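Engineer: One structure, pasted below without further comment.
The values are calculated or read from the model by the stated rules, or taken from the named source; none is laboratory data. Since the structure is predicted, the reported quantities are computational estimates derived from the model, not experimental observations. Quick reminder, even Gly has a Cβ in these numbers, built from the backbone with ideal geometry, and neighbours come from all protein chains shown. Heads up: the accessible areas ignore ligands, DNA and RNA and are worked out on the full protein's heavy atoms, side chains in. Shrake-Rupley method; radii C 1.70, N 1.55, O 1.52, S 1.80 Å.
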Amino acid sequence: DVGRASLKRVTEFNESWREGLRLSEPEEVWLETPDGTKVHVWLLLPPGKPEKKARAKPHSAVLEIHGGPHAQYGWAFFHEFQVLAAAGHAVAYSNPRGSKGYGEAHTAAIHHRWGDKDWQDIETVIEWMKRHPAIDPERMGVMGGSYGGWMTNWVIGRCHEFRGAITDRSIVNWFSAGATADFPLNARAYFGGPGWGSWESNRTLWEQSPLSSFDQVQTPTLIIHSEGDLRCPISEGEQVFHALKARGVECRFVRYPAETSHGMSRNGPPDLRLHRLGEILRWWEQKLG
């Protein structure tokens, strides 16, 4: 049983493949933010026998931030987490405000203001990671795609806790994104500005653009983006690369061709999906050991 759901296996199609793998099961915890909000968090440790885990030295750790932002992590199998755990990294992931699954108020808490309540929740997770006995606080990384890439850009402009970052199919500048993406910044102004007109009518767009704090970034960053991405155009990744290069911050830009899309990590060409995972593993090996 998982909560109140009773699960029943209906196929063994992948059983022979799975038997050759060592998979990890996540541990869950609820954290309380400074304003009293409860945030659901999971930690996936590298696979191994429990007695060996108990004697193990603290692990390097990667904070994964989901996209959406109106989406959610949960108990479901996610290959990327298992790949990272198999490489020896602990993986932390959570559902900060803006995520689905915890009521309308939890999801709507970031309407008109990204980087406020959601960032407060992410900060709480970071502090928890630093204190966790299974995590080496000197070897932590942060990564995410789409909104998770936006938040990764936001994080590295506001803290220096991480040895490295991976920003994947991200947004960094709402003015350019709103002018080039497959969705407009319309009159309903979800982000607090239409993208045109006076500065006063668009101030919150710049305040919610991670680029506005890139003068503070020090974290080595891997940028992953697809030329075929219409939701988060590749010009956003180019701006991240340009800003970091101009400031002398270590970075690497991996571009995938136009036949890929915003969803390449999950449903793109198999060879490029494997290539992406290889780039991620090599980056964390270099930065986290």
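Engineer: Could you list, in sequence order, the residues of the stretch 256-271 that are within 23 Å of residue 63 (Cα to Cα) and at pLDDT 95 or above?
Structural biologist: At the first step, the residues of the stretch 256-271 found to be within 23 Å of residue 63 (Cα to Cα) are 262-267.
Within the stretch 256-271, 262 is the sole residue that qualifies.
Engineer: Going by what's in this entry, would residue 183 be described as crowded, with 22+ Cβ neighbours inside 10 Å and among the aromatic types (Phe, Trp, Tyr)? Give the derivation first.
Structural biologist: Details: crowded, with 22+ Cβ neighbours inside 10 Å: no; among the aromatic types (Phe, Trp, Tyr): yes.
In short, no.
Engineer: Mind listing whichever residues of the stretch 118-128 are over 19 Å from residue 107 (Cβ atoms) and either open to solvent by 10 Å² or more (accessible area, probe 1.4 Å) or more than 15 Å from the chain's Cα centre (by Cα) (or both)? I'd like the intermediate steps shown before the answer.
Structural biologist: Pass one, the stretch 118-128, residues over 19 Å from residue 107 (Cβ atoms): 123, 126-128.
Once the filter is applied, which keeps residues that are over 19 Å from residue 107 (Cβ atoms) and either open to solvent by 10 Å² or more (accessible area, probe 1.4 Å) or more than 15 Å from the chain's Cα centre (by Cα) (or both), the stretch 118-128 yields 123, 127, 128.
Engineer: Please count how many residues of the stretch 103-115 are open to solvent by less than 70 Å² (accessible area, probe 1.4 Å) and either out of contact with any Ser or Thr (no Cβ under 8 Å at 6 or more places or on another chain) or not β-branched (Val, Ile, Thr) (or both). Outline the logic, then answer.
Structural biologist: To start, the set of residues in the stretch 103-115 that are open to solvent by less than 70 Å² (accessible area, probe 1.4 Å) comprises 103, 106-110, 114-115.
Filter once more, so that each one left must be either out of contact with any Ser or Thr (no Cβ under 8 Å at 6 or more places or on another chain) or not β-branched (Val, Ile, Thr) (or both): 103, 106, 108-110, 114-115.
Final tally of qualifying residues: 7.
Engineer: Given the conditions (1) of a type in the set (A, V, I, L, M); (2) closer than 25 Å to residue 110 by Cα; (3) open to solvent by less than 10 Å² (accessible area, probe 1.4 Å), which single one is not true for residue 211?
Structural biologist: (3)
Engineer: Within the stretch 248-289, which residues are assigned to a loop (DSSP other than H, G, I, E, B), of a type in the set (D, E, K, R) and touching a strand residue (DSSP E or B) at 6+ places or on another chain (Cβ under 7 Å)? Even if it seems obvious, please write down each step before you answer.
Structural biologist: In the first step, residues of the stretch 248-289 are kept if they are assigned to a loop (DSSP other than H, G, I, E, B); the result is 248-250, 257-263, 268-269, 289.
Remaining after also requiring of a type in the set (D, E, K, R): 250, 259.
Of everything in the stretch 248-289, nothing turns out to be assigned to a loop (DSSP other than H, G, I, E, B), of a type in the set (D, E, K, R) and touching a strand residue (DSSP E or B) at 6+ places or on another chain (Cβ under 7 Å).
Engineer: Also, I was wondering about something else. Among the residues of the stretch 142-152, is there at least one that is part of a loop (DSSP other than H, G, I, E, B), among the polar types (S, T, N, Q) and either open to solvent by 30 Å² or more (accessible area, probe 1.4 Å) or over 14 Å from residue 64 (Cβ atoms) (or both)? Break it down into steps so the answer makes sense when it comes.
Structural biologist: Taking the stretch 142-152 as the starting set, the residues that turn out to be part of a loop (DSSP other than H, G, I, E, B) are 146.
If we keep only those that are among the polar types (S, T, N, Q) as well, we get 146.
Adding the requirement that they be either open to solvent by 30 Å² or more (accessible area, probe 1.4 Å) or over 14 Å from residue 64 (Cβ atoms) (or both) leaves none.
There is no residue in the stretch 142-152 that is part of a loop (DSSP other than H, G, I, E, B), among the polar types (S, T, N, Q) and either open to solvent by 30 Å² or more (accessible area, probe 1.4 Å) or over 14 Å from residue 64 (Cβ atoms) (or both).
Engineer: Taking the stretch 196-208 on its own, how many of its residues are surrounded by 14 or more Cβ atoms within 10 Å (Cβ to Cβ) and either assigned to a helix (DSSP H, G or I) or in contact with a Ser or Thr (Cβ under 9 Å, 6 or more places away or on another chain) (or both)? Give the derivation first.
Structural biologist: Just the residues of the stretch 196-208 that are surrounded by 14 or more Cβ atoms within 10 Å (Cβ to Cβ), to begin with: 201-202, 204-208.
Subsequent filtering for residues that are either assigned to a helix (DSSP H, G or I) or in contact with a Ser or Thr (Cβ under 9 Å, 6 or more places away or on another chain) (or both) retains 204-207.
Here the count works out to 4.
Engineer: A further question on this structure: So which residues in the stretch 81-97 are out of contact with any Leu (no Cβ under 7 Å at 6 or more places or on another chain) and under 22 Å from residue 141 (Cβ atoms)?
Structural biologist: Narrowing the stretch 81-97 to residues out of contact with any Leu (no Cβ under 7 Å at 6 or more places or on another chain): 84, 86, 88, 93-97.
Scanning the stretch 81-97 gives 84, 86, 88, 93, 94, 95, 96.
Engineer: Among the residues of the stretch 214-245, which ones are open to solvent by less than 10 Å² (accessible area, probe 1.4 Å) and either over 24 Å from residue 286 (Cα atoms) or charged (D, E, K, R) (or both)?
Structural biologist: Within the stretch 214-245, 229, 232, 236 meet the criteria.
Engineer: Among the residues in the stretch 94-110, are any modelled with pLDDT of 95 or more, within 24 Å of residue 161 (Cα to Cα) and among the aromatic types (Phe, Trp, Tyr)?
Structural biologist: no
Engineer: Right, here's the next one. I want to confirm something. Restricting to the stretch 139-185 and keeping residues that are over 15 Å from residue 125 (Cα atoms) and of a type in the set (Lys, Arg), which single residue is nearest to the chain's Cα centre (by Cα)?
Structural biologist: Only one residue fits best here, namely 169.
Engineer: Okay, next question. Taking only the stretch 255-276 into account, find how many residues are in contact (Cβ under 8 Å) with a residue 40 or more places away in the chain and among the charged types (D, E, K, R).
Structural biologist: At the first step, the residues of the stretch 255-276 found to be in contact (Cβ under 8 Å) with a residue 40 or more places away in the chain are 262, 264-265, 268, 276.
Narrowing further to those that are among the charged types (D, E, K, R): 276.
Total meeting the criteria: 1.
Engineer: On to the next question. Just one of (1) part of a helix (DSSP H, G or I); (2) modelled with pLDDT under 95; (3) touching a His at 6+ places or on another chain (Cβ under 9 Å) trips up residue 237, so point out which.
Structural biologist: (2)
Engineer: Could you list all residues from the stretch 246-270 that are open to solvent by 40 Å² or more (accessible area, probe 1.4 Å), under 18 Å from residue 282 (Cα atoms) and out of contact with any Leu (no Cβ under 6 Å at 6 or more places or on another chain)?
Structural biologist: Hits for the stretch 246-270 are 250, 253, 255.
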